[in-house]
1. Taking the range 56-70 only, how many residues are modelled with pLDDT of 90 or more and not hydrophobic (A, V, I, L, M, F, W, C)?
2. Which residue is surrounded by the most Cβ atoms within 10 Å (Cβ to Cβ), if the candidates are limited to the range 51-65 and must be more than 18 Å from TYR7 (Cα to Cα) and of a type in the set (A, V, I, L, M)?
3. Among the numbered criteria (1) within 19 Å of CYS15 (Cβ to Cβ); (2) more than 16 Å from the chain's Cα centre (by Cα); (3) surrounded by 11 or more Cβ atoms within 10 Å (Cβ to Cβ), which one does ALA39 miss?
4. When you scan the range 7-44, how many residues do you find that are modelled with pLDDT under 70 and among the aliphatic types (A, V, I, L, M)?
Amino acid sequence: MYARSLYEFLTSETCRRRNAPSKYSGAAGRALRGTLVRADGGLIWAIIATSPILDPQGRFSGVLGMLTDITIGKRSKPSTVC
């Protein structure tokens, strides 16, 4: 992902939800759960956490981001049958 935008990897559903209120939002940053597209076209589930990086004057200078792969947990979670 080096030198590429995170948005190049997000699915359209995750992009639609990125501005919605999230229980993972906080003063230091924001996190959302969503799907990303792998290089081979497969999908992974991830928690995507971001925090702004500010210069000494408080101006935006970048973003610190972390992706946590939760695909195994999502796939092993039993589905509810009605």
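1. Just the residues of the range 56-70 that are modelled with pLDDT of 90 or more, to begin with: 56-57, 68-70.
This time we only want the ones that are not hydrophobic (A, V, I, L, M, F, W, C), so: 56-57, 68-69.
Adding up the residues that qualify gives 4.
2. Keep residues of the range 51-65 that are more than 18 Å from TYR7 (Cα to Cα), which gives 53-61.
Next cut, of a type in the set (A, V, I, L, M) only: 53-54.
Working: ILE53: 9, LEU54: 11.
Among residues in the range 51-65 that are more than 18 Å from TYR7 (Cα to Cα) and of a type in the set (A, V, I, L, M), the one surrounded by the most Cβ atoms within 10 Å (Cβ to Cβ) is LEU54.
3. Tallying (1) within 19 Å of CYS15 (Cβ to Cβ); (2) more than 16 Å from the chain's Cα centre (by Cα); (3) surrounded by 11 or more Cβ atoms within 10 Å (Cβ to Cβ), ALA39 fails exactly one: (3).
4. 3
The values are calculated or read from the model by the stated rules, or taken from the named source; none is laboratory data. On a predicted model such as this, the values are computed, not experimentally measured, just so you know. Note that each Cβ is placed from the backbone with ideal geometry, even for glycine, and that neighbours are counted across all protein chains shown.
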